[in-house]
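Colleague: Before I ask anything, here is the structure I am working with.
The values are calculated or read from the model by the stated rules, or taken from the named source; none is laboratory data. This one's a predicted model, so the numbers in the text were calculated from it and none came from an experiment. Please note: Cβ atoms are built from the backbone with ideal geometry, for glycine as well, and neighbour counts cover all protein chains shown.
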Amino acid sequence: MGRKRFPDFPPEGFKGRTLRVGDPGYTEARKIPNARYGSEPALIAQCLDADDIVAAVKYCDAHDEPIAIRSGGHAIDGHAMPQDAFVIDTTPMKNIAVDPETGVTTIDAGVLLGEMDAATQEHGYVVPSGTVSDTGAAGLTLGGGMGYLTRRFGMTVDSLLSVDVVTVRGERLVASRDQNPELFWGLCGAGHNLAVATSFTYQARRVGPGVVSGLIIYAIDDAAHILPRLDAVMASAPLELTIYPVALPAPPLPGLPGHMVGVPILVLIIVYTGAPGAYEAAMAGVRSLAAPLADMVRPASWLETNSILDVLAPPGRRQHARGGYLGGITAEVAAVVVDAVRSAPAPTSAGPSVAIALPCLGGANLDFPEDSTAYSRRGANWMWEVLGMWDTPDKDAEFVRWVDGVMTAMTPLSLRNGYVNLSCDQGPEWLRNLYGSREKWARICALKKAFDPHNRLRYNKNVARAALQAPARSWVSSWVRPSWMGSVGWALAFLVLCRVGVYLQPNWGLALYLVRRFGSSNSAAA
């Protein structure tokens with residue numbers, strides 16, 4: 001099927017490479033990090049620049065075709081390479097420009113985090129971003145962008161200055177706080193649904209090249225004591241310090257006795273980016289938690305530090321992930337984590353097979369107003385992510401069942417809002433809740449309708465599908481929308497009901513009950 005579709009692509013002037021099933025290079029190009037998705041797209045359009053993207057988008061618009069987009073390909077659901085799809089592949093687009101005086105950094109949409117880090121560190125800067133070096137900067141940014149510097153500087157979108165995009169009609173736009181500000185707002189967290197990004201400009205921050213980082217390893221028996229104390233520890237810690245607790249079966253690690261390999265452990269990933277002389281004082285709370293099995297924290301480069309977690313996301317393995325936000329790490333959360341890692345499936349190879357991470361957020365991330373971006377951060381002091389990694393299809397059911405079981409246990413302990421890049425899609429209600437308030441969701445839906453009315457950009461955690469599957473509301477609650485009409489609507493409803501009561505029999509109690517009843521339904525729907 002893939003060989004027969006889009007026979008008249010590319011158009012004249014397209015400079016990149018087009019790959020179809022059977023073409024040399026196609027098999028390698030369609031690979032993405034999550035090996036659960038071995039799909040064969042109909043065509044991969046490897047774009048060299050924004051003009052190529054315009055040509056590809058206009059072609060899809062003219063032929064009424066949906067568009068898939070591949071940057072780093074890390075989307076856990078395999079959205080970068082859907083079966084029989086038209087894929088715009090930005091991986092050849094690798095330009096990076098860093099102003100050594102101001103730190104303003106512009107990158108093309110195909111740049112990976114490790115490549116961006118290497119370029120900015122040449123001048124002593126870092127763009128706050130993610131924690132796995134082969135992640136695409138584009139996809140990470142458009143969902144929000146969380147990493148080791150979130151607590152100090154906020155999310156990646158909080159350092160974003162502008163985005164160059166191509167709309168689904170093929171129009172080139174610049175979105176920033178000054179140009180197309182509403183689109184820019186939506187791109188900061190819901191961007192996968194709105195346009196095809198071609199480049200990003202950030203305000204990089206002074207960090208490194210030297211930092212202090214590494215692992216502190218504890219017995220899993222200590223986790224129930226350590227994890228609930230982390231709220232207090234981090235509340236008094238400087239913003240330059242962050243920690244990522246991770247519970248997992250121990251992989252082979254230097255300094256860890258051989259008999260511990262495969263035994264559940266708790267690891268604290270430590271990252272400190274402040275003044276070297278203040279490190280020990282910053283770590284006082286962490287040092288008081290418990291006696292570790294091993295302490296591997298030491299001076300390191302930023303590039304080394306920001307690839308610590310690469311071992312948990314090796315390309316080519318089968319993966320499944322879920323996640324959410326926490327207001328705090330309670331004893332109940334700790335119990336779920338400990339029980340889950342102890343009951344995890346047996347590893348299928350020498351590498352890590354499962355992990356439950358609890359990245360620390362809070363700090364500067366919560367200093368930004370909730371409505372400043374589409375991304376929602378309200379109340380999120382911590383994040384949780386459960387990840388399963390295995391090698392053969394016969395283990396799919398076992399690992400998926402384990403990951404989803406952890407999610408089931410964690411969901412009642414979690415916040416309703418969340419981070420769109422964190423988890424496999426959990427359905428329309430989950431997606432609506434991710435963005436926080438009803439008002440934010442309405443803004444995102446309005447942007448989707450304005451910039452992608454035919455849902456060309458559907459290979460994602462899709463806003464249009466979630467909006468179509470909105471929960472049923474009574475005709476009364478629908479009638480009073482938008483929210484500013486609420487008080488007028490209910491006043492009129494009250495008068496109508498009272499007038500009806502005059503003809504039937506005076507019954508103010510019934511009228512008040514009906515208004516109260518429908519009013520509370522409306523509030524719950526909100």
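Colleague: Select, from T135, T105, T120, the only residue that is closer than 14 Å to I32 by Cβ, among the hydroxyl-bearing types (S, T, Y) and not assigned by TED's automatic domain parsing to the domain that holds I44.
Modeller: Result of the check over T135, T105, T120: T135.
Colleague: Determine which single condition G255 fails, assuming it passes every other condition in (1) more than 30 Å from P393 (Cα to Cα); (2) at pLDDT 95 or above; (3) not in a strand (DSSP E or B).
Modeller: Condition not satisfied by G255: (2).
Colleague: Is one or more of the residues making up region 197-213 more than 30 Å from Q121 (Cβ to Cβ) and either assigned by TED's automatic domain parsing to the domain that holds S133 or not acidic (D, E) (or both)?
Modeller: No, every residue in region 197-213 fails to be more than 30 Å from Q121 (Cβ to Cβ) and either assigned by TED's automatic domain parsing to the domain that holds S133 or not acidic (D, E) (or both).
Colleague: State all residues of region 405-445 that are within 18 Å of the chain's Cα centre (by Cα), assigned to a helix (DSSP H, G or I) and of a type in the set (D, E); if no residue qualifies, say none.
Modeller: Answer for region 405-445, where residues must be within 18 Å of the chain's Cα centre (by Cα), assigned to a helix (DSSP H, G or I) and of a type in the set (D, E): just E429.
Colleague: Determine if region 44-52 includes at least one residue that is touching a Lys or Arg at 6+ places or on another chain (Cβ under 6 Å), assigned to a loop (DSSP other than H, G, I, E, B), aliphatic (A, V, I, L, M) and within 30 Å of T120 (Cβ to Cβ).
Modeller: Within region 44-52 (the criterion being touching a Lys or Arg at 6+ places or on another chain (Cβ under 6 Å), assigned to a loop (DSSP other than H, G, I, E, B), aliphatic (A, V, I, L, M) and within 30 Å of T120 (Cβ to Cβ)), the answer is yes, since at least one residue qualifies.
Colleague: Give me a count of the residues in region 53-79 that are farther than 22 Å from D310 by Cβ, part of a strand (DSSP E or B) and basic (K, R).
Modeller: Residues in region 53-79 being farther than 22 Å from D310 by Cβ, part of a strand (DSSP E or B) and basic (K, R): 0 in total.
Colleague: If you don't mind, another one. For region 190-221, how many residues meet the condition of being over 30 Å from E101 (Cβ atoms) and surrounded by 18 or more Cβ atoms within 10 Å (Cβ to Cβ)?
Modeller: Looking only at that region, the number is 12.
Colleague: For region 301-316, state whether one or more residues are at pLDDT below 95, of a type in the set (D, E) and out of contact with any His (no Cβ under 9 Å at 6 or more places or on another chain).
Modeller: yes
Colleague: Can I ask one more? Inspect all residues belonging to region 133-155 and state whether any of them is hydroxyl-bearing (S, T, Y), within 15 Å of N421 (Cβ to Cβ) and not in a helix (DSSP H, G or I).
Modeller: Yes; the residues of region 133-155 include at least one that is hydroxyl-bearing (S, T, Y), within 15 Å of N421 (Cβ to Cβ) and not in a helix (DSSP H, G or I).
Colleague: From the set of residues in region 363-375 that are surrounded by fewer than 23 Cβ atoms within 10 Å (Cβ to Cβ) and of a type in the set (G, A, S), which is farthest from P264 (Cα to Cα)?
Modeller: It comes out as S372.
Colleague: It is to be established whether one or more residues within region 90-101 are within 20 Å of N421 (Cα to Cα), buried (at least 24 other Cβ atoms within 10 Å of the Cβ) and in contact (Cβ under 8 Å) with a residue 12 or more places away in the chain.
Modeller: yes
Colleague: Quick test for you: out of P10, P82, pick the one residue that is assigned to a loop (DSSP other than H, G, I, E, B), under 26 Å from the mean Cα position of the chain (by Cα) and not assigned by TED's automatic domain parsing to the domain that holds P314.
Modeller: Every option except P82 fails the conditions.
Colleague: Right, next: Take the residues of region 197-236 that are in contact with a strand residue (DSSP E or B) (Cβ under 8 Å, 6 or more places away or on another chain) and part of a loop (DSSP other than H, G, I, E, B): which is modelled with the lowest pLDDT?
Modeller: The extreme case among them is G208.
Colleague: Another question about this same structure. Within region 392-404, can one find any residue that is of a type in the set (A, V, I, L, M), in contact with a helix residue (DSSP H, G or I) (Cβ under 7 Å, 6 or more places away or on another chain) and not assigned by TED's automatic domain parsing to the domain that holds G145?
Modeller: Looking for residues that are of a type in the set (A, V, I, L, M), in contact with a helix residue (DSSP H, G or I) (Cβ under 7 Å, 6 or more places away or on another chain) and not assigned by TED's automatic domain parsing to the domain that holds G145, one finds none in region 392-404, hence no.
Colleague: Also: Within region 1-33, which residues are touching a strand residue (DSSP E or B) at 6+ places or on another chain (Cβ under 6 Å) and either at pLDDT below 95 or more than 27 Å from P315 (Cβ to Cβ) (or both)?
Modeller: Correct list: F6, P10.
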